[in-house]
Amino acid sequence: GPLNETSLPLYFGWFLFSSVQDKVGCTAMDFLKTLDTLEGFKNHIADFTEQPEKEVDLEQYFETKGILHCTTKFCDYGKADGASEYAKNPVVKKCYGSVFELSLTALFVTPRTVGARVCLTDEQLKLWPADTEKESEADVPGSAALPVGSRAHITLGCAKDVEPVQTGLDLLQILTLPTGEVVEEMELGSLRYYGEGRWMLDLREPICAAACFSSFYG
Ligand code: ACK
C-alpha cells in the first residue's frame, strides 16, 4: 500500500566514511588542477567552452554535490521499477549497515561530470541490481553488452545545470568506446582521451575507500 511505498528511500548505496570523502575529494581536486594545465587537455579545450581562447578552471567548472557515495539502486521513494523488490532482497537486508571496502580504479571527466569508477568485488556485486546495465541501453547504446557492475561510480562533481544521474551514463559511454590514446603519463596513472571532452585516468594504485552500505532518504 501507499504507506509501504513511502518507506522506501531515494536510493541505496555505499556511503564513504567522512575521512575517506576528504581523501577522495582532495585526490579529485588535485587531478582537476593538473588536468587543466596539460597541453594535451588544452588542445581539446573547445570541448569545454565556447570561448576556447580563454582558460578553463576545472575546479570551478564542477560543483560538488552532497555526501560521496556509490549508488546501488535508485528507488525514487518506491516509484522506480524494482524498488520494493530490491529493498526486500535478503542480501540487501543482511548487508544493511555493514562496512565495505570499495576499490576506485579510475577517475573520469567529461564536459558534464567528474567521477570515480568503482570496481566491485563478487560480494559487492550481490548488492548490484543485475539489470542496471541493460536498463541503461536506452540512454547509452552498447551498455547492455558491458559486464554487470560497469555503471558503478562515485559522482565527484557536476557542471552547471547537470544532474548527478549523468555521471553513471558518462562512465558507461566511455566504457563502450574503443580504449582511448594515452595523452599523458601522470603521477596517478595513464590519462586517456576518448573524444568529445571525455577523459579517463586509470589509477596506477587503486584507491581503497571504506564505505557503509545504507540508504538515503533526503
Ligand atoms: O551520483 P549518483 O549515482 O546519481 O547519485 C545520485 C542519487 O541517485 C540521488 O539523486 C542517482 N540517480 C538519480 N536518478 C537516477 C536514475 N534514474 N537511475 C540511477 N541513478 C539515479 C544520482
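Any read-out appearing in this document is the output of simple, stated calculations on the displayed coordinates, not a laboratory observation. Quick caveat, the model's predicted, so the values are computed rather than measured. Every residue, glycine as well, gets a Cβ built from its backbone with ideal geometry; the counts of neighbours run over all protein chains shown.
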Could you tell me the ratio Rg/Rh of the chain? Both radii from Cα atoms, Rh via Kirkwood. 0.98
Considering the chain as a Gaussian network with a 10 Å cut-off on Cα pairs, which listed residue, Ala116, Ala144, Ala152, attains the greatest mean-square fluctuation? Ala144
Only helical DSSP H runs with n ≥ 4 go in: add -39500 (n - 2.57) per run for the chain, normalise by residue count and round the 222 nm mean residue ellipticity to 500 deg cm²/dmol. -7000 deg cm²/dmol
Inter-label distance, nm, simple model (7 Å from Cα along the C-beta direction), Asp76/Asp30: 3.9
Using a cut-off of 24 Å between alpha-carbon atoms, which lysines can reach Lys54, once sequence neighbours fewer than 8 places away in the same chain are excluded? Lys33, Lys42, Lys160
Using alpha-carbon positions, what is the distance between the centroids of the range 73-145 and the range 153-175, in Å? 13
Could you tell me the relative contact order of the range 106-177? Use alpha-carbon pairs under 8 Å, at least six residues apart, and round to a whole percent. 38
Quickly work out the Thr37-to-Ala159 label distance, labels modelled 7 Å from Cα along the C-beta direction, and quote it in nm with one decimal. 2.4
How large is Rg/Rh for the range 4-92, to two decimals, with Cα atoms and a Kirkwood Rh? 1.18
Tell me, what is the FRET efficiency for Glu181 and Ala144 to the nearest 0.05, using R0 = 30 angstrom and their Cβ-Cβ distance as r? 0.70
Protection proxy ranking of 173-182, 125-134, 50-59, 84-93 - average other beta-carbon atoms within 10 Å, highest first: 125-134, 173-182, 84-93, 50-59
Computed over the chain: relative contact order in percent, which uses C-alpha pairs under 8 Å that are six or more apart: 30
Can you tally the net charge around Leu32? Count Lys and Arg as +1, Asp and Glu as -1, for every other residue whose Cβ sits under 11 Å from the Cβ of Leu32. -3
